Each structure stands twice: as structure tokens, then as C-alpha cells.
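Student: If you scroll down you'll find the structure; I have some questions about it.
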Amino acid sequence: MQIEFNAKKRDAQGTGASRRLRHAGRVPGIVYGGDAKPQAIELDHNELFQHLRKEAFYSSVLTINLEGAKQMCLLRDVQRHAYRALILHVDFQRIDAAHKIHQKVPLHFVNADVAPGVKEQGGMVQHVTTELDVRCLPKDLPSFIEVDLKDLTGTRSMHASEITLPAGVEIVLHRGEDPVVATIVILGAGAAEEEVVEATPVETQITTEKKPAEKGEKTEKPEKPEKK
């Protein structure tokens, strides 16, 4: 997906300058990385806000148009206001088309409704992992990775190593790591076990309690010890 946005160079820096920019509907930011020095920038708040509403903006190679000079970059950080719909600051990293990059990519789960664990066993799909860190060339970076759940049953989980990846993309994992990305929880099994556990103490109580004496019925009195 090709996403391009505009920016201008920013000379004035500091808390006061950033506050004045925000009052004017602008967002302070920075572009760093590569062979060039870090460059302070400013962006239109409304344009940036609309881009940030798209999932692909966080995981795609972006093109920044900095006063006519275009360069590829990745979104690295966004600072937001605590309770207002206001972007306070953004960071972008320059990238080189010839070097591999690391980026977190969201997972899109498909065919959950036809998975045997859901359709035949009445289970519910649980998304354990929603994004993965991948490594690839900028041209191969996907906006998302599709995870097909059509063969998932209620007796097993799907791991990261089982995902079919796009060409040129590899998952970044630590040695021996293979995280679970999805599993199916069978709802009926837990309820049945809970019912059995709760019934056990009730039955024990009923069998150990003595039946109260009815009206007119003689009750047994404890025998007194014989005097010697």
C-alpha cells in the first residue's frame, strides 16, 4: 500500500514553539536515521489524524514529502493527549530500499467460523497474539499477515511457525521461541467440570446431617456412665 503525506521543516524548537504549533493546527515531529542528520518537521494535524485512523499507516513503508524531497520512512512513535483527540508528537525513521527492516505487522484471522473447533465442537476462537515482529526488505513489507484457522480444532493451538508468510518475509523470534497466536476454547467443558465440583460438597453435607425428630417421636438420649 502506497501512503504519502506532507511535512515542512521546523526551525523553532522547544516547549513553547511546540505549543504554538499545536494551537495553529500543526503537529511537531522528527525524521531520523540513515546517513542524514535528524530533521525536525511539522505536519498538518487533520491530515495526520486521518492517516493514524488506518491500520496500514502503522505497518507500511511511508513516503514523506518534505518540501518536495520525498523519502521512505516508517512510523516509530506517536504521542497522544491523555483524553483529547489530539496528536502531540510523531517520530519517523528513514529507511533504505536495499537494507532489511524490522517492523511489527498486525495479524488478520480468517475462516474462524469454519474451523472444526468452532463449527463442530462449539468452541470460541481466542486471539493470543495480534501482531508479530518481521524482517524483510522495504518492498516486501506487508500491511498485515493473514492467519488461516480453517484446520484449527479445540485440542490444539496455532503457533507462529505455522503461519504462511508472504515471499521475502521472516518472523523475528528469539532462540527456541514459537509463540501461540490462536487457540480454541471449548465452552461446555469448563461448565460441566464446575457443576461437578460444586455438587460434591452439597451431597456430602446431606449424607452426614441427621434428620430432625418429628413431633411425638422419641429421641435417643446419651447413656450415662455407670457409677463404680
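Student: Find the centroid of the Cα atoms in the stretch 1-79 and in the stretch 134-152, then give the distance between the two in whole Å.
Tutor: The stretch 1-79 and the stretch 134-152 have Cα centres separated by 26 Å.
Student: Which percent of the accessible area of the stretch 1-134 is formed by carbon and sulfur heavy atoms (probe 1.4 angstrom)?
Tutor: On the way: 3680 of 7770 Å².
Whole-percent figure for carbon plus sulfur exposure: 47.
Student: Excluding ligands and nucleic acids, what accessible area in Å² is computed for Y58 using a 1.4 Å probe, to the nearest 10?
Tutor: Number for this one is 80 Å².
Student: Follow-up. Considering amide H positions built from the backbone, and no H for Pro or chain starts, which residues 5 or more places from I101, or on another chain, come under 5 Å of its amide H?
Tutor: C136, L137
Student: Sequence-distant or interchain residues sharing an amide H contact under 5 Å with R10, placed H: which?
Tutor: Under 5 Å from the amide H of R10 lie the amide H atoms of A40, I41, E42, each far enough along the sequence or on another chain.
Student: Among rounded, prolate and oblate, which fits the stretch 1-101 when a ≥ b ≥ c are the square roots of the eigenvalues of its C-alpha gyration tensor, a/c under 1.5 means rounded, and a/b larger than b/c means prolate?
Tutor: Numbers: a/c = 1.90, a/b = 1.34, b/c = 1.42.
The shape class here is oblate.
Student: Choose one of L62, L21, P38: the residue whose Cα lies farthest towards the positive end of the charge dipole of the stretch 1-72 (beta-carbon charges +1 Lys, Arg; -1 Asp, Glu; about the Cα centre).
Tutor: L21
Student: Restricting to lysines 8 or more places apart or on different chains, can you count the pairs in the stretch 70-191 with Cα atoms under 20 Å from each other? Can you show the working numbers first?
Tutor: Details: K70/K100; K70/K139; K100/K139; K104/K139; K119/K150.
For the stretch 70-191, qualifying lysine pairs total 5.
Student: Also, I was wondering about something else. What is the set of long-range amide H partners of V147 at a cut-off below 5 Å, with H atoms built 1.01 Å from backbone N?
Tutor: When sequence neighbours closer than 5 places are left aside, the close amide H contacts are H108, F109, V110.
Student: Moving on to the next point. Can you give me the accessible area per residue for the stretch 39-177, using a 1.4 Å probe, in Å²?
Tutor: Numbers: 7670 Å² over 139 residues.
With all protein chains present, the stretch 39-177 gives 55 Å² per residue.
Student: Let me ask something additional. Using R₀ = 41 Å, calculate the FRET efficiency as 1/(1 + (r/R₀)^6) where r is the Cβ-Cβ separation of Y83 and E146; round to 0.05.
Tutor: Numbers: r = 35 Å, r/R0 = 0.85.
Once the sixth-power term is evaluated, E becomes 0.70.
Student: Taking the Cβ-Cβ separation of Q126 and A12 as r and a Förster radius of 35 Å, what is the calculated FRET efficiency to the nearest 0.05?
Tutor: Computed FRET efficiency for Q126 and A12 comes out at 0.10.
Student: Another question, then. So what J values fall out for the stretch 86-99 if you push phi through Karplus, 6.51 cos²θ - 1.76 cosθ + 1.60 with θ = phi - 60°, rounded to Hz, Gly and Pro as x?
Tutor: Going residue by residue, I get 9, 8, 9, 6, 9, 10, 10, 10, 5, 10, 10, 4, 8, 10 Hz, with x marking Gly and Pro.
The values are calculated or read from the model by the stated rules, or taken from the named source; none is laboratory data. Because the structure is a prediction, the values reported are computed rather than measured. Here Cβ is always computed from backbone atoms with ideal geometry, including for glycine, and neighbour counts include all displayed protein chains. Just the protein is used for accessible areas: all its heavy atoms, side chains included, with ligands, DNA and RNA removed. Shrake-Rupley method; radii C 1.70, N 1.55, O 1.52, S 1.80 Å.
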